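Structure, as structure tokens:
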Amino acid sequence: CSTAAGPAFEGAHLSCGMRAADGAVDRVTIDDDVHWHTIGNSAPRGLCGSGLVDLVAQMLRTGIIDNTGMMRSADDLRSDGHESLAARIVQENGRRLFLLASAAEGAGGHAVRVSQRDVRELQLAKGAIRAGIEILLSELGLKHEDVRTVFLAGAFGNYISPASALAIGLIPHFPNAEIVPVGNAAGSGAKMALLSLSARKEASRIQRETDYLELSGRSDFQEQFAEAMVFA
């Protein structure tokens, strides 16, 4: 099946989103302070998809957002003893923002921030993907513990932290499965089909034996999607 996950994982439609290129924040950890890593180890220019997943997972763990995705106020964080994190909550034109990198740290003197809307964009994307996974399992009569391998394809799948993906509920916890990043699977498959007759025959066999599950008209998709929006 396929789900319309939107552009958040490519860094699009985000306040400071960008593709995975030099200067993109791709990894984040939060303790009493915020620690980020950028592609190319250069000054941060923006946030790519894997960085956003990491950041939201850390914001959830430290209580900067609650399980509905709502960004908490600076006063709320101070009351929990997170003074340094509270100082990163700013208001701008009625929007609540979390300061990931200050203007002094950012490339060209520009700060890198994540907004409440950015968190919602991620929730929409992860909710759609998670709903698709749960419906596929239901159709096959499988439980989470029956899955043995989860392949994550594409540049995003290659660089995303599996722990962060699990933390935000992008993928469910498969207790008996190995999570395997496979990189550009489509490109690799095309090369195999061009160079190997047996690989091409295998691809044709898989195509003949595959059923496509259309999700858009299913009432259970909307139910699963609504449930998957929440950070359970």
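Here are the numbers for this structure:
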quantity: Where N is the number of residues in the chain, Cα Rg divided by 2.2 N^0.38 Å; calculated: 1.12
quantity: Residue (of 157, 185, 111) at the positive-pole extreme of region 58-209, dipole from beta-carbon charges; calculated: 185
quantity: Accessible surface, 1.4 Å probe, highest first, among residues 32, 80, 26; calculated: 32, 80, 26
quantity: In Hz, Karplus ³J(HN,Hα) per residue of region 67-81 (6.51, -1.76, 1.60; θ = phi - 60°; x = Gly, Pro); calculated: 6, 8, x, 6, 6, 7, 6, 4, 5, 4, 5, 4, 5, 8, x
quantity: Gain on full stretching of the segment that runs from residue 78 to residue 148 - 0.36 nm per residue minus C-alpha separation; calculated: 20.9 nm
quantity: Three-way shape call for region 34-81 based on the alpha-carbon gyration tensor, with the a/c threshold at 1.5; calculated: prolate
quantity: Mean residue ellipticity (222 nm) of the chain, computed from DSSP H runs ≥ 4 via -39,500 (n - 2.57), nearest 500; calculated: -12500 deg cm²/dmol
quantity: Neighbourhood net charge (13 Å Cβ-Cβ; Lys/Arg +1, Asp/Glu -1) for residue 176; calculated: -1
quantity: Dipole axis of the chain (+1 Lys, Arg; -1 Asp, Glu on Cβ), positive-most option in 71, 230, 100; calculated: 100
quantity: Per residue accessible area in Å² of the chain, where ligands, DNA and RNA are left out and the probe is 1.4 Å; calculated: 54
quantity: Mean-position separation - Cα centroids, region 181-229 and region 109-140, in angstrom; calculated: 20
quantity: D_trans [Stokes-Einstein, Kirkwood Rh over alpha-carbon pairs] for region 83-147, 4 °C, 1.567 mPa s, µm² s⁻¹; calculated: 87
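The values are calculated or read from the model by the stated rules, or taken from the named source; none is laboratory data. Fair warning: this is a prediction, and the values are worked out from it, not measured in the lab. Please note: Cβ atoms are built from the backbone with ideal geometry, for glycine as well, and neighbour counts cover all protein chains shown. The protein model used for the area step is the full one, side chains on, heavy atoms only, and it has no ligands, DNA or RNA in it. Shrake-Rupley method; radii C 1.70, N 1.55, O 1.52, S 1.80 Å.
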